[in-house]
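Each remark here refers to the structure printed beneath this line.
The values are calculated or read from the model by the stated rules, or taken from the named source; none is laboratory data. If you're wondering where the values come from, they're calculated on a predicted model, not measured in any experiment. Every residue, glycine among them, receives a Cβ derived from its backbone with ideal geometry; neighbour counts consider all protein chains shown.
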Amino acid sequence: MDPRNYWVGFSLIKGIGAVRMKALVDYFGNLETAWNAPISSLKETGLSEKICERILRIRKDFDLNQYIKRIQSAGIKIMIKDDIEYPRYLKEIDQPPPVLYIKGDLSLEDEWAVAIVGTRKVTHYGKQITEEFSRVLADHKITVVSGLARGVDGIAHKSALESGGRTIAVLGSGVDRIYPAEHRKLAADISNAGAVISDYPPGTAPEANNFPPRNRIISGLSRATIVIEAGQTSGALITAEFATNQGRNVYAVPGSIYNVQSKGTNKLIQQGAKPLLDIREVLQDIQVELIQERKSFRKEYPIDLFEEKILSVLSNEPLHVDEITNLSELPISQVSSYLAMMELKGLTKQVGGMKYVVIKEEKGEYL
């Protein structure tokens, strides 16, 4: 069986997410060994009796190969965290989703993405701003990310599509269980000009407790998060909190202090979010003109396995080329030439003394 299939297998088991899957890999070395391990060994990784019983049951009664063939025949793609195509900025967050299920396609273009989120009970003011901001981003080839919910999310997706742009919808359900139901047509349109994605397996119902965790994916895919309107208990505020914790910029559109839908955004500004008066501020902060140059360069010279290996050992702490060579286990001649190419792509930066850091482009530090 394809080793990637075991990632899917564990993603089907309730109670096993990014943290527990990492613990299994750390303990067993790979998920194939973990999948076939006896219960006694699984318990040693900290799994409860109940979760171990679920693993036993699915191993015994479930044909994993047939399941994967079935979802692939439905046009659903599977991407695991170890795939080179896995979104680079999502991989940087704490506990990145081990498995993504995708309708449509993720693209190199999506490395330059901005999230637009907000209330379901959007006002005329919020609708107007959402439409304008989404269209400007789309016109500048910036992918718009949101959550397919009613209100701001749906307007952001539609406006990006109407401007011929790319957009990504992140679900709190399986990609075959579109919620709300009236957005099924919108989801189909998004999958034709972007992607509908989820870390929940196909068939997962849109349960209320699924939505807050998916917000970390919305912010994790994005260089910045814009909150248009949000009440004091809006899920958009959870997305903003994830974005802050992930080191991404958060913008909030100010509104009337008497407007319920602006209480959350005004509070964000009070707490340090950047008040957004003009979408051009975001374009300036992410240096959109330089982005277009690097997009073209990366399209001509895509990131390869060697560059991916070098990226995996780099951080924002300067690392000498000799250390990079040792950690990546690549020849020094290759490391030097790849680092030079990666600088041109905007992936790394030399900070003096033959020391390099990875570029955190979502903060606009170097880009």
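Among the numbered criteria (1) closer than 24 Å to L100 by Cα; (2) in contact with a strand residue (DSSP E or B) (Cβ under 9 Å, 6 or more places away or on another chain), which one does T130 miss?
With respect to (1) closer than 24 Å to L100 by Cα; (2) in contact with a strand residue (DSSP E or B) (Cβ under 9 Å, 6 or more places away or on another chain), T130 is out only on (1).
Any idea which of L186, L161 is under 30 Å from S11 (Cα atoms), free of Cβ contacts under 8 Å to residues at least 60 places away in the same chain and crowded, with 20+ Cβ neighbours inside 10 Å? Step through it out loud before you land on a result.
Numbers: L161 fails: under 30 Å from S11 (Cα atoms).
On inspection, the qualifying residue turns out to be L186.
Report, by residue number, each residue of segment 110-125 that is farther than 17 Å from L148 by Cβ and crowded, with 17+ Cβ neighbours inside 10 Å.
Of the residues in segment 110-125, the ones farther than 17 Å from L148 by Cβ are 111-112, 123-125.
Passing the criteria: E111, W112, T123.
Does at least one position in segment 233-254 carry a residue that is touching a residue at least 12 places away in the same chain (Cβ under 8 Å), in contact with a Leu (Cβ under 8 Å, 6 or more places away or on another chain), closer than 25 Å to V288 by Cα and hydroxyl-bearing (S, T, Y)?
yes
Taking the options V321, V313, V335, name whichever one is at pLDDT 85 or above and under 24 Å from the mean Cα position of the chain (by Cα). If you could, list the steps in order and put the result at the bottom.
Numbers: V321 fails: under 24 Å from the mean Cα position of the chain (by Cα); V335 fails: under 24 Å from the mean Cα position of the chain (by Cα).
When all the criteria are applied, what remains is V313.
Kindly list the number of the only condition in (1) at pLDDT below 90; (2) basic (K, R); (3) farther than 21 Å from K91 by Cβ that fails for K43.
(1)
Go through segment 182-207 and give me each residue that's hydrophobic (A, V, I, L, M, F, W, C) and either in a strand (DSSP E or B) or under 15 Å from S146 (Cβ atoms) (or both).
Filtering segment 182-207 down to residues hydrophobic (A, V, I, L, M, F, W, C) leaves 186-188, 190, 193, 195-197, 205.
Passing the criteria: L186, A187, I190, A193, A195, V196, I197.
Quickly run through segment 1-51 and pick out the residues that are small (G, A, S) and under 21 Å from M79 (Cβ atoms).
First, pick out the residues of segment 1-51 that are small (G, A, S): 9, 11, 15, 17-18, 23, 29, 34, 37, 40-41, 46, 48.
Result: G9, S11, G17, A18, A34.
Can you tell me which residue in segment 308-335 is nearest to I84 (Cα to Cα), limited to those that are surrounded by 14 or more Cβ atoms within 10 Å (Cβ to Cβ) and among the hydroxyl-bearing types (S, T, Y)?
S328
Taking segment 283-310, which residues are farther than 30 Å from E132 by Cβ, at pLDDT below 85 and among the aliphatic types (A, V, I, L, M)?
I303, L305
Output the residues belonging to segment 5-33 that are in contact with an Asp or Glu (Cβ under 8 Å, 6 or more places away or on another chain) and among the charged types (D, E, K, R).
None; the set is empty.
Show me the helices (runs of 4 or more DSSP H) found entirely inside segment 208-273 where at least 1 residues are under 16 Å from A113 (Cβ atoms) and modelled with pLDDT of 95 or more.
211-220, 235-245
If we keep just the residues of segment 13-46 that are closer than 21 Å to Y67 by Cβ and of a type in the set (K, R), which is surrounded by the most Cβ atoms within 10 Å (Cβ to Cβ)?
Ranking the qualifying residues of segment 13-46, first place goes to R20.
Please specify each residue of segment 134-162 satisfying the condition of being of a type in the set (D, E, K, R), over 17 Å from R120 (Cα atoms) and not in a loop (DSSP other than H, G, I, E, B).
Answer for segment 134-162, where residues must be of a type in the set (D, E, K, R), over 17 Å from R120 (Cα atoms) and not in a loop (DSSP other than H, G, I, E, B): R135, D139, E162.
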